[in-house]
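Here the structure is laid out as C-alpha cells; the discussion comes afterwards.
Read the figures in this text as sums done on the coordinates, not as results from a lab. Nothing here was measured: the structure is a model prediction, and the numbers come from that model. Don't worry about glycine lacking a Cβ; one is built from the backbone with ideal geometry, like all the others, and counts go over all protein chains shown.
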Amino acid sequence: MSFIKSKKFVLLVLAILGLLTSAELFAIFLKVNFDPYALSASFCSINEIIDCDGVEKSMLSQIFGIPFACWGMFLYSLIIFFIFVDKIKKVKFLGFLEVFKNPQMYIAALGYIAFTLSLILAVTAFVQIKKVCLLCAVTYLFDISIALVATEFSKGGIIQVFKTSIDDLIAGVKIKKYGISFALCVLAFAGFLTYTTSSFVFVPHLKMQREFESYKKLIKNNPYAVMGNVLGDEKANVKIQLFTDYECPICRINNVMINKAMKEVKGVKIEHKNFPLDTKCNKYLSGEFHQNACLYAKYAIAAEKQGKWGLMNDALFKNQPKNEFEIVSLIENYSFDIKKLIDDANSEETYKRIQKEIDEAKSYNINGTPTYVINGVTYPGIKQYSVLKNMLKSARDGKEIKIDEPNKKPKQKPKRK
C-alpha cells in the first residue's frame with residue numbers, strides 16, 4: 001500500500017507544525033520553570049483559565065519524569081520518519097526497516113493514541129488546576145488531523161488501523177533477529193523511563209513540588225510538632241533565625257519540614273521571628289497581603305509567655321482561625337491561662353516585640369517568608385528537605401553553605417550604616 005502524494009504532503013506539514021508547536025511548548029516549559037529572570041508570561045497565557053505557563057509549571061506537564069513537550073517532539077519526529085521510511089529502507093545497511101510494511105497505519109495509530117492521551121491530560125488539568133493550555137489544544141488538533149488523514153489510506157477505518165499495526169508488530173517480533181533487538185530496545189526504554197520517573201532528572205523542580213505536597217499533607221497532623229518554646233537544641237551554640245508569617249501557605253509546609261529537621265539535626269537551635277505580611281502591624285507594606293497575620297503573631301508570642309509557643313505555633317499553622325475567638329477556642333483544652341493569654345496578646349509589650357522583629361527583618365532586606373538568616377546571610381524561600389538539612393548541618397559545623405536548588409541563591413546581608 002503506497003502513500004498518495006498529496007496526502008503525504010499534508011501529513012508532513014501537520015507533523016512539522018506539530019513539531020514546531022511542541023518545541024515552543026518546551027521553550028515555555030524551560031522559561032517558566034528554570035529562568036528566574038523571565039519578566040513576562042508567554043503569549044498563550046491570557047487569563048487564569050487559559051494559561052499555558054500555569055500548566056507547564058504543574059506536575060501535569062510531565063509523565064515518567066519527561067516533559068510532555070518532549071514527548072510531543074518525539075511523536076512528530078517519529079511520524080516524519082514513518083512518512084519517509086519507504087525511501088529510507090532502500091539505503092544500504094538500513095534494510096532491516098523492511099519490517100515497517102504499513103507506515104501509514106502506524107501514523108494513524110500514533111495520531112489516535114496521542115489525541116486520546118492528550119484529551120485525558122486536558123480534562124485532568126482543568127479538573128485539578130482549573131487551567132487550559134492553548135498551545136496544547138493546537139497539538140490535539142494536529143494529532144486528530146494526522147490520524148484522520150492517515151486513516152484514509154486504508155480500508156476498514158480505525159479498527160483496521162490498530163489491527164494492522166498490531167499484526168505487523170507481532171510479525172516483526174516473530175522474526176528472531178528482529179525479535180531479540182526489539183526486546184532489548186523495550187528493556188532499555190523501560191529502564192530509561194524507570195530512571196527518569198524515580199529521579200526526576202529532567203524535571204528537578206517538579207521533584208521539589210512532589211516533596212512539598214507530601215509535607216503539605218502533614219500540616220493537619222504534624223507528627224514532628226514541638227509543644228514548648230524551644231525548636232531544636234536548647235543548649236546549642238549555633239542559632240539560626242527563621243522569619244515567618246502564619247498565613248503564608250509556604251510557611252505552613254516549611255513549619256513541618258523544620259520541625260522534622262530539628263529532631264534529626266542536633267546542635268542547632270531555631271529562633272522563630274515574626275514577619276507578618278499584614279498592614280495592621282507591618283508599616284513597610286505598600287499593600288495588604290494577609291488579614292490575620294498580625295493577630296496570629298500576637299497570640300504566638302502570648303503563648304510563649306506560658307511556655308507553650310510550639311503548641312500555639314502548630315495550632316495556628318494547622319487551623320488558620322478567622323478571629324480571636326476561634327484562636328482561643330482552639331487551645332481552650334490545653335491548660336492555658338486564657339485571660340492572661342488574651343491580655344498578653346493585646347499588650348503594648350507584645351506589639352513592640354512584633355515591631356522589633358519586623359524592623360530586624362527589614363534590616364536584612366527580607367521581603368518575604370519563610371527566610372532563614374545564618375551568620376548575617378539570608379536564605380529566602382522553602383528548601384528541599386535534603387537541602388535544608390545540609391544547610392543546618394553546615395551552619396552547625398561552620399562549613400560553607402551550598403544551595404543546590406534551581407533558582408535558589410542566598411542574599412547577602414547589607415552592611416548597616
Specify the inter-centroid distance of segment 256-322 and segment 83-99, based on alpha-carbon positions, in whole Å. 67
Tabulate in residue order the Karplus-calculated ³J(HN,Hα) for segment 120-129, using 6.51 cos²θ - 1.76 cosθ + 1.60 with θ = phi - 60°, rounded to whole Hz; enter x for Gly and Pro. 4, 5, 4, 5, 4, 5, 5, 5, 7, 10
Given the convex hull of the Cα atoms of segment 319-400, what is a quarter of its surface area in nm²? 8.0
With springs connecting C-alpha atoms under 10 Å apart, model the chain as a Gaussian network and identify which of LYS174, LYS389, LYS305 has the largest mean-square fluctuation. LYS174
Size of the dipole of the chain about the Cα centre, Lys and Arg at +1 and Asp and Glu at -1 on the beta carbon, nothing else charged, in debye to 20? 1260
Once you place label points 7 Å from the Cα toward the Cβ at GLU264 and LEU30, how far apart are they in nm? 3.4
Equivalent ellipsoid semi-axes, segment 117-192, via Cα gyration tensor eigenvalues times 5, rooted, Å: 32, 21, 9
Applying the Karplus parametrisation 6.51 cos²θ - 1.76 cosθ + 1.60 with θ = phi - 60° to the phi angles of segment 335-346, what ³J(HN,Hα) value in whole Hz is obtained for each residue in order, glycine and proline being reported as x? 6, 7, 7, 4, 4, 5, 4, 5, 4, 5, 4, 9
With a Förster distance of 35 angstrom and the Cβ-Cβ distance between GLN291 and LYS239, calculated FRET efficiency to the nearest 0.05 equals 0.65
Can you pull the semi-axes for segment 5-202, root of five times each eigenvalue of the Cα gyration tensor, sorted largest first, whole Å? 33, 20, 15
Checking the a/c ratio against 1.5 first, then a/b against b/c, what shape does the Cα gyration tensor give for segment 189-309? oblate
Label-point separation (nm) for ALA183 and VAL91, each offset 7 Å from Cα along Cα-to-Cβ? 2.9
How big is the chain by the Kirkwood estimate over distinct Cα pairs, in Å? 25.6
Name the cysteines of the chain that stand alone by the Cβ rule: no other cysteine Cβ under 4.7 angstrom. CYS70, CYS185
For the pair ILE50 and ASN333, what calculated FRET efficiency results from E = 1/(1 + (r/R0)^6), where r is the Cβ-Cβ distance and R0 = 51 Å, to the nearest 0.05? 0.60
Taking THR369, THR151 and counting other beta carbon atoms within 10 angstrom, the fewest-first order is THR151, THR369
Going down the list LYS263/LYS340; LYS8/LYS89; LYS235/LYS399; LYS57/LYS322; LYS217/LYS239; LYS220/LYS383, which pairs span over 25 Å between their C-alpha atoms? LYS263/LYS340; LYS57/LYS322; LYS217/LYS239
In terms of the alpha carbon gyration tensor, root eigenvalues a ≥ b ≥ c, rounded if a/c is under 1.5 and otherwise prolate when a/b exceeds b/c or oblate, segment 212-259 is prolate
Quick one: which of 397-403, 318-324 comes out on top by average Cβ neighbours within 10 Å, and what's the full order, highest first? 318-324, 397-403
Computed over segment 172-220, the convex hull of the Cα set has an average projected area, in nm², of 4.7
For ILE50, other-chain or 5+-apart residues with amide H closer than 5 Å (H placed, Pro excluded) are VAL132
Can you give me the long-range amide H partners of LEU231? Hydrogens built in the peptide plane at 1.01 Å from N, cutoff under 5 Å, separation of 5 or more residues or another chain. ILE270
Taking the Cα centre of segment 219-412 as the origin and placing charges on Cβ (Lys, Arg +1; Asp, Glu -1), which of PRO249, SER394, VAL268 is farthest toward the positive end of the dipole? SER394
Please report Rg (one decimal) and Dmax (integer) in Å for the Cα set of segment 219-412. 16.1, 48
Is the shape of segment 282-350 rounded, prolate or oblate, going by the alpha carbon gyration tensor and its root eigenvalues a ≥ b ≥ c, with a/c under 1.5 for rounded and a/b larger than b/c for prolate? prolate
Integer Hz, Karplus 6.51/-1.76/1.60 couplings in order for segment 106-117, x for Gly and Pro: 5, 4, 4, 4, 4, x, 5, 5, 4, 5, 5, 5
